[in-house]
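First up is the structure itself, then whatever we jot down about it.
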Amino acid sequence: MSRKVPGGPASRSPTLRGFPPVLDRGVDTLILGSFPSEASLAAGQYYAHPRNQFWRILGNLLQQPLQEMPYSRRLAALLAHGLGLWDVLGACERAGSLDADIRAPRANDFAPLRQRAPNLTRVLFNGQAAGRFASQFQRAGLGVVILPSTSPAHAGMSLDQKLAHWRAAFEKRQPLPARLPEAARGRSLAEKPSAAK
């Protein structure tokens, strides 16, 4: 994000780098966020902001005390349930933590998903910003659901309301051991549409 400095040229926010995906070959559902918050980047953990409701919601759905677990055990619990975790953006410029302040977005390379998670059948998007990428996953033959953001910035919906939406998505989840049809492989996921600014 560019800012004007009195008496000098405009300065830019430094380029921020996201996290690698949490994936293995047993993942059938991938949860995609937009980009890590300042708190998450500082902690080196997905959804580290204490007011982000992600781990609380997932813990409720999986009936495990994820919030109380060490971070490594949280990730292991997700994988044990066939759930992967990543973001749509791999890098960007941003002052603060709001998606609206993201500049120079660079999408992650989704092409390797076919090799790393051959059983992937669905993608759940954590919020509307991440959901802008839904169409390219649909074109690849994957089911997609755009869910309310678990971010504390999304205060227009209560925790119970968010949980109801996430629960409905999980109830429709049908983990399948089969790989995607050959016709769907290698298409669209290599595309990188620009995120809306």
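Read-outs: derived from the displayed coordinates by stated rules, not from any lab. The model shown is predicted, which means the values in this text are computed figures rather than measured ones. We place every Cβ from the backbone using ideal geometry, glycine too, and count neighbours over all the protein chains shown.
Just a few scattered comments:
- Added length on full extension, which subtracts the Cα-Cα distance from 0.36 nm per residue, R103 to A43: 19.4 nm
- In this rough spin-label picture, where each label sits 7 Å from Cα along the Cβ direction, the R73-Q138 distance is 4.0 nm.
- Fraction of the pair-distance distribution of the stretch 53-149 above 22 Å, Cα-Cα pairs, percent: 39
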